[in-house]
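Asks: My questions will all concern the structure given below.
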Amino acid sequence: MTPKFWPKGFVYAAESVAPEMNISLMRMFLGAAEDIERISWVIENKTVYPHMQILPLTKNRFKNSSHPLMDKRARGGYMQRGVFATQMIPKGTELGEYVGEMYLIDRDNYPDSIFAKTKLSEFAFRLTIGTHYWITEPKKIANELALINDYRGIEPEPNIRPELIAHRGFYYLAYVTIKDIAANHELLTNYGNGYWKTHRFHGKSTSCKTTVKQEAD
């Protein structure tokens, strides 16, 4: 079910897809045999943690706020949004899969690959997994987690981080809380220094979120 305040231009999806190969084969490449018995509730149910909501960042809604994205528009033309806790979310909570189109690219061939010629959106993750790049691109399909903002200018430090979590023997790119998050507080991550090295628009970069060790341990 599409959440309230979902921006136009995106298709809401419960799980990622792999346009260029069978996603089950891709998941086999990202296997975690030692975690075959582990079950993640959000992954199993193809959902996100229920106690969070998307809200447009407008002064009519957040009076006297100094949020750097307040009343600004995203590259897609919609008003900037944030994701907020509707009740306290405990530390260590798995918030769900970071949904998008998934690509597995050989690092040696990456500069000449077809996908390398496609400009990544500001929502994309590029993780280094051995000899390959694992790219998750939510510019067409996504869920709430694509709208989570960077902590800079909002809070002293992030309260969530991306992680590769194991579920039934496979890894999934997900967000996990790293501290308790009080009700009505925004969920914030660290996009990483590499994200901010490229050009920006309205305070947000158009680069992909590339740093792996810092962003997805």
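Read the figures in this text as sums done on the coordinates, not as results from a lab. Since the structure is predicted, the reported quantities are computational estimates derived from the model, not experimental observations. Neighbour counts are summed over all protein chains in view; Cβ atoms, including those assigned to glycine, are modelled from backbone coordinates with ideal geometry.
Asks: Going by how many other beta carbons lie within 10 Å of each one, how would you line up THR131, THR177, THR86, THR47, fewest first?
Replies: THR131, THR86, THR47, THR177
Asks: Between VAL17 and ARG73, how many nm apart are label points set 7 Å from Cα along the C-beta direction?
Replies: That separation, rounded to one decimal, is 2.8 nm.
Asks: Just to be sure I understand: of the beta bridges DSSP finds with both ends in region 13-215, what percent are antiparallel, rounded to 5?
Replies: Counting DSSP beta bridges with both partners in region 13-215, the antiparallel share is about 90 percent.
Asks: Still on this structure, I have one more. Here are some pairs, LYS63/LYS179; LYS63/LYS91; LYS59/LYS139; LYS139/LYS179; LYS4/LYS63; LYS72/LYS139; which of them have Cα atoms lying more than 23 Å apart in this structure?
Replies: Cα-Cα > 23 Å for LYS63/LYS179; LYS63/LYS91; LYS59/LYS139; LYS139/LYS179; rest within.
Asks: Another question, if that's okay. Would you mind ranking SER66, SER40 so that the residue whose beta carbon has the fewest other beta carbons within 10 Å leads the list?
Replies: Sorted ascending by nearby Cβ count, the order is SER66, SER40.
Asks: If packing is taken as the mean number of other Cβ atoms within 10 Å per residue, what is the order of 182-190, 134-142, highest first?
Replies: 134-142, 182-190
Asks: Give the cross-link partners of LYS46 among the aspartates and glutamates, using a straight C-alpha distance below 20 Å as the criterion and excluding same-chain residues fewer than 8 apart.
Replies: Partners found: GLU15, ASP35, GLU37, GLU94, GLU97, GLU101, GLU137, GLU144, GLU163.
Asks: What is the calculated FRET efficiency for MET88 to GLU37, with r their C-beta to C-beta distance and R₀ = 35 Å, to the nearest 0.05?
Replies: 0.75
Asks: May I pose another question? Would you list ASP108, ASP180 from fewest to most Cβ contacts within 10 Å?
Replies: ASP108, ASP180
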